[in-house]
Amino acid sequence: MQDSNSFDVILLGTNLVNSILSSACAWTNLKVLHIDENPFYGEVDGSFGLRDVLNVSETGDREVENLCVKRTGEDAPALQDIKVEILEKDMLPSLKGITIELIPKEMYAGGSLVELLSKTKIYKYLLLKPQRSFRFYASNKEWTKVPESRADIFNDKTLSLTHKRLIMRFMKYVSSIDDEQNQEQLKQWLSRPFHDFLKENFELPQSIQEGIVYGLCQALDSKISTQRALEKIKKYFQSFATYGDYSYLIAMYGTGSELCQGFCRSSAVMGGTFMLAQKVNKVEATSVELGEGKKLWAKHIVPSQAIKMTNISETSVRQRCLLVRGKCPGLFHQNLFLLSEASQLHFVPYSLGDKWPNSVQARVLGVGAGSCPEGYTLWYLQTLECEYSCELLASATNKLIELSHSEDTKPLMYADMLIDQRDLADYDIAVETAKQLYGKITGSTDSFFQRDTVLDDDDE
């Protein structure tokens, strides 16, 4: 066995969990090899451009080529079969400057990932921006602002004084949820639907319940458990005002892929070796056979796998990303003046029609997010997969066009894919998962990203 072919750790797949783990191991001076069968960083957390799904023929025509993203490893399954449909071929912009995320997510400003980015200075590899503006389309067929802070509640003229007091009582409960008395009360509710918990314990009006469940929790499943919902809300309120009047941060040019590249870059600076577009024939307990037959050894082989989560429905999520012509100012802020680079809009169950009991979550990115050129926007719509999911997404798209306040708003193409709900886990869970794996490799988590000095740009 040659020394150049042996490593302390071989990681398969550059998803965020493995990218964080790669960097952590390299920081501890372990010999790291990181392999990905895809030609780009990020795997399920990655991004792709129009060039990856559109080919320009000799005659100048743009032909669709569906994209497949897979997990790295022996007989690893496909993660995403991305099916692309062009609606307006003659209106498509240049293939440059458009980045489509496989699974768009945000970072909690007060969460463990942002704390880790700050501690390691990996944030210097990223351009971070706030995500503001949250609204939901309620069951009464009206757009309503999601209550993000106490100021929002006090300034909301549609709420009675009684309702404001009830909401404040709920917010106070969330802030003290770790108290022994509250933990005792929660035991009987943890696995039960959050809707029932709110109704029985806080007597909140329906519109406020909808804002909490589908706005703050971003729930696709109406039966989201009380435990999962309260974890999300607690993180949200703890993150608000950490850096400004917002709870979420995004990274320009595709949050997931930029995070993966940042941690992989940190790993490489500390001596990690990377192989992209590298086929893997066979994976054994302490060895990996590459496509050309070369064999590599390691004390630890870390596979590519979905994050383990409990109380998660096995139903897949249907996601549609639309490239839309138009600046769409109405989708970024209600008053059309304070525009954001990114916004979230939510459709509660039955708001788009009495025959559709599923919700729809929409994220909208503008030119300031770095994912599309001036005059265009990207819309990401998600709903639980079912027999009418495509029809429901089409209805949500039409409602967003109405709200866009752009006369020239027009969808030009879309990319459809199915997502495993475990891959929707927030980025802080990825940090915790990486830390647990690090502990299994080194025997302790005490040295997780611990060094006497932190590398700066000048040290590279």
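The values are calculated or read from the model by the stated rules, or taken from the named source; none is laboratory data. Just so you know, these numbers come straight off a predicted model, no measurement behind them. Neighbour counts run over all protein chains shown; Cβ positions are idealised from the backbone, glycine included. Please note that ligands, DNA and RNA were not included when accessible areas were found on the heavy atoms of the full protein model with its side chains. Shrake-Rupley method; radii C 1.70, N 1.55, O 1.52, S 1.80 Å.
Exactly one residue out of Thr377, Thr397, Thr383, Thr409 is buried (at least 22 other Cβ atoms within 10 Å of the Cβ) and closer than 17 Å to Cys328 by Cβ: that is Thr377. Beta carbons closer than 7 Å, at least 6 apart along the sequence or on distinct chains, pair a first residue in the range 123-141 that is on the phi > 0 side of the Ramachandran plot and assigned by TED's automatic domain parsing to the domain that holds Ala342 with a second that is surrounded by 19 or more Cβ atoms within 10 Å (Cβ to Cβ) and assigned to a loop (DSSP other than H, G, I, E, B) for Ser133/Phe332; Ser133/Ser340; Lys141/Ser351.
Residues that are within 30 Å of Gly211 (Cβ to Cβ) and open to solvent by 50 Å² or more (accessible area, probe 1.4 Å) were ranked within the range 99-128; the one that is farthest from the chain's Cα centre (by Cα) is Glu115. If you go through the range 219-238 and keep only what is part of a loop (DSSP other than H, G, I, E, B) and either over 13 Å from Gln361 (Cβ atoms) or modelled with pLDDT of 90 or more (or both), you end up with Ala219, Leu220, Lys223, Ile224. Checked against (1) in contact with a strand residue (DSSP E or B) (Cβ under 7 Å, 6 or more places away or on another chain); (2) closer than 30 Å to Cys25 by Cβ; (3) open to solvent by less than 10 Å² (accessible area, probe 1.4 Å); (4) of a type outside the set (Val, Ile, Thr), Gly211 passes all but a single condition, namely (2). Here Val114 qualifies as over 28 Å from Leu400 (Cα atoms) and of a type in the set (A, V, I, L, M, F, W, C). Among the residues that make up the range 38-57, is at least one of them closer than 30 Å to Asp90 by Cβ, open to solvent by 10 Å² or more (accessible area, probe 1.4 Å), in contact (Cβ under 8 Å) with a residue 60 or more places away in the chain and not aromatic (Phe, Trp, Tyr)? Yes: the range 38-57 contains one or more residues that are closer than 30 Å to Asp90 by Cβ, open to solvent by 10 Å² or more (accessible area, probe 1.4 Å), in contact (Cβ under 8 Å) with a residue 60 or more places away in the chain and not aromatic (Phe, Trp, Tyr). For the range 66-75, does any single residue satisfy the condition of being under 17 Å from the mean Cα position of the chain (by Cα), outside the structural domain of Arg265 (by TED's automatic domain parsing) and either of a type in the set (Phe, Trp, Tyr) or open to solvent by less than 70 Å² (accessible area, probe 1.4 Å) (or both)? The answer is yes, given that some residue of the range 66-75 is under 17 Å from the mean Cα position of the chain (by Cα), outside the structural domain of Arg265 (by TED's automatic domain parsing) and either of a type in the set (Phe, Trp, Tyr) or open to solvent by less than 70 Å² (accessible area, probe 1.4 Å) (or both). Considering only residues in the range 170-208 that are small (Gly, Ala, Ser) and out of contact with any Lys or Arg (no Cβ under 9 Å at 6 or more places or on another chain), the one that is most open to solvent (accessible area, probe 1.4 Å) turns out to be Ser191. Here Ile167 meets the list (1) open to solvent by less than 50 Å² (accessible area, probe 1.4 Å); (2) among the aliphatic types (A, V, I, L, M); (3) more than 30 Å from Leu352 (Cβ to Cβ) almost entirely, failing just condition (3). Taking the range 129-143 as the range and being open to solvent by 10 Å² or more (accessible area, probe 1.4 Å) and of a type in the set (A, V, I, L, M, F, W, C) as the test, only Trp143 passes.
Would the range 148-164 turn up any residue that is farther than 28 Å from Gly366 by Cβ and modelled with pLDDT of 90 or more? No, the range 148-164 has no match at all. Is it true that Gly244 is modelled with pLDDT under 90, open to solvent by 10 Å² or more (accessible area, probe 1.4 Å) and under 20 Å from Tyr123 (Cα atoms)? Spelling it out, Gly244 is indeed modelled with pLDDT under 90, open to solvent by 10 Å² or more (accessible area, probe 1.4 Å) and under 20 Å from Tyr123 (Cα atoms). Report yes if Asn55 is at pLDDT below 80 and within 24 Å of Cys390 (Cβ to Cβ), otherwise no. So Asn55 does not fit the description; no.
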